[in-house]
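Undergrad: Just dropping this structure here.
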Amino acid sequence: MREDEKPLVLEMLKAGVKDTENRVALHALTRPPALLLLAAASSGLRFVLASFALALLLPVFLAVAAVKLGLRARWGSLPPPGGLGGPWVAVRGSGDVCGVLALAPGTNAGDGARVTRLSVSRWHRRRGVGRRLLAFAEARARAWAGGMGETRARLVVPVAVATWGVAGMLEGCGYQAEGGWGCLGYTLVREFSKDL
């Protein structure tokens, strides 16, 4: 990544994360159990606050903040530059930055590597950029596992409900869904993995 590309790359990463967080929060808060809890909290606050608008908005704002903080805590921040982490940038022949990738080691021995960020510019989607970044991530994970003395290389890619269209690409590349996490019985993030 060139020095003059840093602001564009950071903006692409922030936009991808912000968009995903907002869409996941919207998905989580429009499920029936969440709506019921929000309605109950709003009704209870109506008597305490004596303000209908505040009683209606306060639970929603708090719930959105909780979902976003939970996602950030679960996904973590960008790994430090260099090493396994990146971020690495995909550039088209014209010099346009069209995608960004960041990796992190798994939390436990044998977990392999984990994609922490994979973002493709809206203008360059459906052109194979994501597949190329994923192939690069697999090569980095293999090299990292070999350097760490791991017996097998593995790559885990979390996919938020807001971007489940990516699941088809991952399955086409040999990844398998192995679980996920969510709240109130609804899956918000599915994890795909592949032994390399």
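The values are calculated or read from the model by the stated rules, or taken from the named source; none is laboratory data. Everything numeric in this text was worked out from a predicted model, so none of it was measured. Positions of Cβ are backbone-derived with ideal geometry, glycine not excepted, and every protein chain shown enters the neighbour counts. Heavy atoms of the whole protein, side chains included, go into the accessibility calculation; ligands, DNA and RNA do not. Shrake-Rupley method; radii C 1.70, N 1.55, O 1.52, S 1.80 Å.
Undergrad: Here are some residues: G179, G146. Which one is under 25 Å from L29 (Cβ atoms) and not hydrophobic (A, V, I, L, M, F, W, C)?
TA: Values: G146 fails: under 25 Å from L29 (Cβ atoms).
Result of the check over G179, G146: G179.
Undergrad: For the stretch 145-196, which residues satisfy the criterion of being exposed (fewer than 12 other Cβ atoms within 10 Å of the Cβ) and acidic (D, E)?
TA: Correct list: E178, D195.
Undergrad: Taking only the stretch 95-134 into account, find how many residues are closer than 19 Å to T20 by Cβ, open to solvent by 30 Å² or more (accessible area, probe 1.4 Å) and among the hydrophobic types (A, V, I, L, M, F, W, C).
TA: Residues in the stretch 95-134 being closer than 19 Å to T20 by Cβ, open to solvent by 30 Å² or more (accessible area, probe 1.4 Å) and among the hydrophobic types (A, V, I, L, M, F, W, C): 2 in total.
Undergrad: Working only within the stretch 20-61, note down all residues that are charged (D, E, K, R) and either in contact (Cβ under 8 Å) with a residue 12 or more places away in the chain or within 30 Å of L118 (Cα to Cα) (or both). Working first, answer last.
TA: If we filter the stretch 20-61 for residues that are charged (D, E, K, R), which is where we start, we get 21, 23, 31, 46.
E21, R23, R31, listed by residue number.
Undergrad: May I pose another question? Within the stretch 171-190, how many residues turn out to be modelled with pLDDT of 85 or more, of a type outside the set (S, T, Y) and farther than 18 Å from R23 by Cβ?
TA: Matching residues across the stretch 171-190 total 7.
Undergrad: Quick one: which of V24, V17, V97 is under 28 Å from A167 (Cβ atoms) and at pLDDT 80 or above? Outline the logic, then answer.
TA: Values: V17 fails: at pLDDT 80 or above; V97 fails: at pLDDT 80 or above.
It is V24.
Undergrad: Failed condition for S77, given (1) open to solvent by 60 Å² or more (accessible area, probe 1.4 Å); (2) at pLDDT 85 or above; (3) not basic (K, R), with all others met?
TA: Of (1) open to solvent by 60 Å² or more (accessible area, probe 1.4 Å); (2) at pLDDT 85 or above; (3) not basic (K, R), only one is false for S77: (2).
Undergrad: For the stretch 52-73, give me the residue count where each residue is closer than 14 Å to K18 by Cα and crowded, with 16+ Cβ neighbours inside 10 Å.
TA: Summing the residues that are closer than 14 Å to K18 by Cα and crowded, with 16+ Cβ neighbours inside 10 Å in the stretch 52-73 gives 5.
Undergrad: Shifting gears a bit: Which residue is farthest from V159 (Cα to Cα), if the candidates are limited to the stretch 23-62 and must be of a type in the set (V, I, T) and part of a helix (DSSP H, G or I)? Quick ask: steps written out before the conclusion?
TA: So the first thing to find is which residues in the stretch 23-62 are of a type in the set (V, I, T), and the list is 24, 30, 48, 60.
Narrowing the set further to residues that are part of a helix (DSSP H, G or I) leaves 24, 48, 60.
Details: V24: 11, V48: 40, V60: 24 Å.
Checked the stretch 23-62; the qualifying residue farthest from V159 (Cα to Cα) is V48.
Undergrad: Is it the case that some residue within the stretch 107-120 is without any contact (Cβ under 8 Å) to a residue 24 or more places away in the chain, in contact with a Lys or Arg (Cβ under 8 Å, 6 or more places away or on another chain) and not basic (K, R)?
TA: So far as the stretch 107-120 goes, no, none of its residues is without any contact (Cβ under 8 Å) to a residue 24 or more places away in the chain, in contact with a Lys or Arg (Cβ under 8 Å, 6 or more places away or on another chain) and not basic (K, R).
Undergrad: So the check is Cβ under 7 Å with 6+ separation or different chains; which pairs have a first residue in the stretch 156-173 that's under 16 Å from E138 (Cα atoms) and without any contact (Cβ under 8 Å) to a residue 60 or more places away in the chain and a second one that's open to solvent by less than 40 Å² (accessible area, probe 1.4 Å) and aromatic (F, W, Y)?
TA: Here the result reads V157/Y175; V157/F192; L170/F192, each pair linking the stretch 156-173 to a residue that is open to solvent by less than 40 Å² (accessible area, probe 1.4 Å) and aromatic (F, W, Y).
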